[in-house]
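J.: Structure provided below as structure tokens; questions to follow.
The values are calculated or read from the model by the stated rules, or taken from the named source; none is laboratory data. What you see is a predicted model; the values in this text were computed from it and never measured. Quick reminder, even Gly has a Cβ in these numbers, built from the backbone with ideal geometry, and neighbours come from all protein chains shown.
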Amino acid sequence: MVHPIRAAVACSLALACGGAFAFDLTSPDIAANATIANRHVFKGFGCEGENVSPALAWKAPPAGTRSFALLVHDPDAPTGGAGWWHWVVYNLPADASALPQGAGSAEGAKLPAGAVQQRTDFGMPGWGGPCPPAGDKPHRYVFTLHALKVDKLEIPEGATASLVGFMVNANSIGKATFTGRYGRAK
């Protein structure tokens with residue numbers, strides 16, 4: 001018979017160690033639930049940011065990860081639909097663990113070989129930073145990195161972000177997420 005105190009300690013240690021190795025996505029540029037800096041804000045539609053994608057890093061993807069996909073979404077955008085897609089990247093290789101600041105440029109020169117950026121709701125590929133309507137409450141910008149069970153997603157060029165999201169979710173074996181916030185005065 002296992003002693004109840006030993007069992008409790010073993011369970012506590014297992015939970016603590018398991019939590020230390022959880023799939024995790026972070027950014028040195030955006031703290032979780034913090035305000036997104038002007039450097040990453042869109043330039044256009046009345047916003048005067050620099051539109052530079054933030055650096056991202058991740059660790060401890062699930063076993064069986066063969067590639068990654070990154071989706072950045074504003075669920076608070078007043079579109080009358082499903083929010084606003086700010087960055088859509090897939091076919092990131094399984095050995096990748098970070099993206100440098102500026103990887104979301106339209107040409108994607110700082111992305112790993114083979115990675116694909118699809119069109120966002122701004123109508124073009126690459127990072128499109130926050131730019132909520134003036135006077136709206138601060139919006140949430142949800143960064144989600146999916147670990148995928150396939151080496152590559154076969155998605156037609158020019159596909160919508162929603163189609164990419166469907167394919168990503170159909171092949172996801174785990175995800176890591178954090179949220180940044182941004183609002184602007186009237």
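J.: Quick check on my filter: what residues within the stretch 82-110 are hydrophobic (A, V, I, L, M, F, W, C), under 16 Å from E157 (Cβ atoms) and modelled with pLDDT of 95 or more?
T.: First, the residues of the stretch 82-110 that are hydrophobic (A, V, I, L, M, F, W, C): 82, 84-85, 87-89, 92, 94, 96, 98-99, 103, 106, 109.
Then drop every residue that is not under 16 Å from E157 (Cβ atoms), which leaves 88-89, 106.
V88, V89, listed by residue number.
J.: List pairs: first in the stretch 23-35 and surrounded by 14 or more Cβ atoms within 10 Å (Cβ to Cβ), second at pLDDT 95 or above and among the polar types (S, T, N, Q), Cβ under 7 Å, 6+ apart or cross-chain?
T.: L25/T177; D29/Q101
J.: Moving on. Can you tell me which residue among G81, G102, G64 is surrounded by fewer than 21 Cβ atoms within 10 Å (Cβ to Cβ), over 26 Å from A34 (Cα atoms) and more than 12 Å from the chain's Cα centre (by Cα)?
T.: Working: G81 fails: over 26 Å from A34 (Cα atoms); G102 fails: over 26 Å from A34 (Cα atoms).
It is G64.
J.: Separate question: If you go through the stretch 109-165 one residue at a time, how many are of a type in the set (G, A, S), over 30 Å from A185 (Cα atoms) and surrounded by 15 or more Cβ atoms within 10 Å (Cβ to Cβ)?
T.: 4
J.: Then there is this: I'm checking my understanding of the structure. Among residues of the stretch 44-61 that are in contact (Cβ under 8 Å) with a residue 40 or more places away in the chain and of a type in the set (A, V, I, L, M, F, W, C), which one is surrounded by the fewest Cβ atoms within 10 Å (Cβ to Cβ)?
T.: F45
J.: May I pose another question? Can you pull out every residue in the stretch 130-145 that is out of contact with any Asp or Glu (no Cβ under 8 Å at 6 or more places or on another chain), within 17 Å of S53 (Cα to Cα) and assigned to a loop (DSSP other than H, G, I, E, B)?
T.: Scanning the stretch 130-145 gives a single hit, C131.
J.: A further question on this structure: What are the pairs, 6+ residues apart or on separate chains, where a residue within the stretch 125-141 that is within 17 Å of A82 (Cβ to Cβ) and among the aromatic types (F, W, Y) has its Cβ under 8 Å from a residue that is at pLDDT 95 or above and in a loop (DSSP other than H, G, I, E, B)?
T.: That search, which allows pairs on different chains as well, returns Y141/I36; Y141/P130.
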